[in-house]
Amino acid sequence: MDYIISMLPMLLKGTVTSLKLFAFALVLSIPLGLPVALQLRSRFRPLRWIANIYVYIFRSTPLMLQLVIIYFGLPRIPGIGPYLLLDRFHAAILAFVLNYIAYFAEIYRSGLLGVNRSQFEACQVLGLSHWQTQTRVIFPQMFRICLPSVANEVITLLKDTSLLYAVSVAELIHNAEAIVNRDANMTALMVALVIYMILNFFLTVILKHLESRFSWGKNL
Amino acid sequence: MMIQVTNLQKAFGSNQVLRDISFEVARGDVIAILGASGSGKSTLLRSLIHLEAVDGGSITIEGQDLVRDGIYAGREQIRRLTAKMGMVFQAYNLFPNMTVKKNLILPFTLTGRGSHAKAQDRCLELLGKVGLMDKLNDFPSSLSGGQQQRVAIARALMLNPDIMLFDEPTSALDPQITGEVLSTMKDLASDHMTMLVVTHELGFARNVANKVIFMHQGVIEEAGTAEAVFTRPQSPVTKAFLRL
């Protein structure tokens, strides 16, 4: 027990770094997924193509590779490369945000498909503008439809922060590994596992609460 | 005249849904639009409030053109004319993410009809009228179909329309609860609201409507007072339909 307590400061420090990445990635990618989702459904073809290509690239390649390319690869582009040199943590935020925007955009797109078309007609006959229709009626319903899928991604995102390991940022797994190597003892990784479980327990509770908060009278 | 429709035409692809439809609606008219499925009656109603764009013909609302000879008025005029009408759908189309109260108040305030306080007063008045005062803070999903449809009627009335359009308002309801919606509509008719009602409820058409339009394959097969159409139908198609 004393051994576990002795490693906690280092592990918790790693946890804070993981949570920081998690928070930045979440706060940026959740709203930014929406304009991309709208682009995926745009009537203007080139916009649709760009959005589709973007989503295709970021969904079909491993996040770890994207992270490595953004950190190590971008600065090697001739000419503009030197301006693209980011520190490890910012490179990670960029990779995570770009990657998760692609996933959230697809989730939102499916949510928009799930909103009944007749809602648009109701808005039209009530004289609501396009903007009012979208923001007051369509998006809230889309958001509700998407919530379980978004929750799924949020939990995955927390675990994906361990990919920071690939660019040697001192997050939770990185620090746990350091302790394992130092002491030739696996306990630190077990403790890290428990920390992930505890964090995701709280996340799950919050997300479930959100779901029932937006149940609109339906028993789910 | 509240509404004048002349030579209206509309096709979906090669399917000619409306062929040369003409009729007039006077203030206070309650017109039942009858006909078999696919006869074009819903499309006709939806054209009046610009949910469908017609291919030819004219629609004039209170003397102003919505569309003249197939050419639509400007955006602002369309908005102004369609705002004179309220519409009730078969599937209610309430906003599931809002309480009954919010369903009524939001369109009122968003379209600049008045203050929130004014909206609230009107909301309570209309919910009282349709007998749903106690459902103020409920979400639509917790109401029965009949209650939802009455909320939808109240929501349309919030905007103080001159004309109410009903597109098969009771077709999605159990026969036992169509009565509550029909009686709300009947109250509206006795308040002299101008109403166009696409319906399969022959009883309502006969007892509440003053005029009946019977449609068949995109044309008005027969039209006249409810009394005349029900007791002395001229066309064999109308006769056959009314016998059902």
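Structural remarks
- Qualifying residue in segment A:126-137 (condition: free of Cβ contacts under 8 Å to residues at least 24 places away in the same chain, open to solvent by 40 Å² or more (accessible area, probe 1.4 Å) and outside any helix (DSSP H, G or I)): yes
- Residues satisfying the stated conditions in segment B:168-196, i.e. touching a residue at least 40 places away in the same chain (Cβ under 8 Å) and more than 22 Å from residue B:127 (Cβ to Cβ): B:168, B:171, B:194, B:196
- No other residue among A:153, A:106 is modelled with pLDDT of 95 or more, open to solvent by 20 Å² or more (accessible area, probe 1.4 Å), under 14 Å from residue A:34 (Cα atoms) and away from chain B (no Cβ under 14 Å) apart from A:106.
- Members of segment B:181-235 that are assigned to a strand (DSSP E or B) and charged (D, E, K, R): B:211, B:221, B:222
- Members of segment B:64-90 that are over 30 Å from residue A:146 (Cβ atoms), facing chain A (nearest Cβ under 8 Å) and in contact with an Asp or Glu (Cβ under 8 Å, 6 or more places away or on another chain): B:85
- Checking residue B:121 against (1) at pLDDT 95 or above; (2) charged (D, E, K, R); (3) closer than 23 Å to residue A:121 by Cβ, the condition it does not meet: (3)
- Residue tally, condition among the aromatic types (Phe, Trp, Tyr) and within 15 Å of the chain's Cα centre (by Cα), over segment A:77-99: 1
To keep it simple, each residue is scored yes or no on (1) free of Cβ contacts under 8 Å to residues at least 40 places away in the same chain; (2) buried (at least 20 other Cβ atoms within 10 Å of the Cβ).
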site	(1), (2)
B:76	yes, no
B:79	yes, no
B:89	no, yes
B:93	no, yes
B:98	no, no
B:116	yes, no
B:134	yes, no
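- Filter pass, residue B:58 being polar (S, T, N, Q), more than 24 Å from residue A:115 (Cα to Cα) and loosely packed, with under 15 Cβ neighbours inside 10 Å: no
- Test: residue in segment B:152-170 that is within 12 Å of chain A (Cβ to nearest Cβ), more than 27 Å from residue B:61 (Cα to Cα), surrounded by fewer than 21 Cβ atoms within 10 Å (Cβ to Cβ) and of a type outside the set (Val, Ile, Thr): no
- For segment A:1-47, a residue qualifies if it is in a helix (DSSP H, G or I), without any contact (Cβ under 8 Å) to a residue 40 or more places away in the chain and more than 22 Å from the chain's Cα centre (by Cα), and the qualifying residues are A:2, A:5, A:6, A:9, A:45, A:46, A:47.
- If you check A:175, A:219, A:181, A:185 for being part of a helix (DSSP H, G or I), surrounded by fewer than 18 Cβ atoms within 10 Å (Cβ to Cβ) and modelled with pLDDT under 95, only one passes: A:181.
- Any hit, segment B:91-106, residues being within 14 Å of another protein chain (Cβ to nearest Cβ), in a helix (DSSP H, G or I) and within 30 Å of residue B:36 (Cβ to Cβ): no
- In segment B:24-41, the qualifying residues are those that are more than 23 Å from residue B:240 (Cα to Cα) and over 14 Å from the mean Cα position of the chain (by Cα), and the one that is surrounded by the most Cβ atoms within 10 Å (Cβ to Cβ) is B:24.
The values are calculated or read from the model by the stated rules, or taken from the named source; none is laboratory data. Please read all numbers here as calculations on a predicted model, not as lab measurements. Every residue, glycine as well, gets a Cβ built from its backbone with ideal geometry; the counts of neighbours run over all protein chains shown. Only protein heavy atoms, including side chains, enter the accessible area calculation; ligands, DNA and RNA are left aside. Shrake-Rupley method; radii C 1.70, N 1.55, O 1.52, S 1.80 Å.
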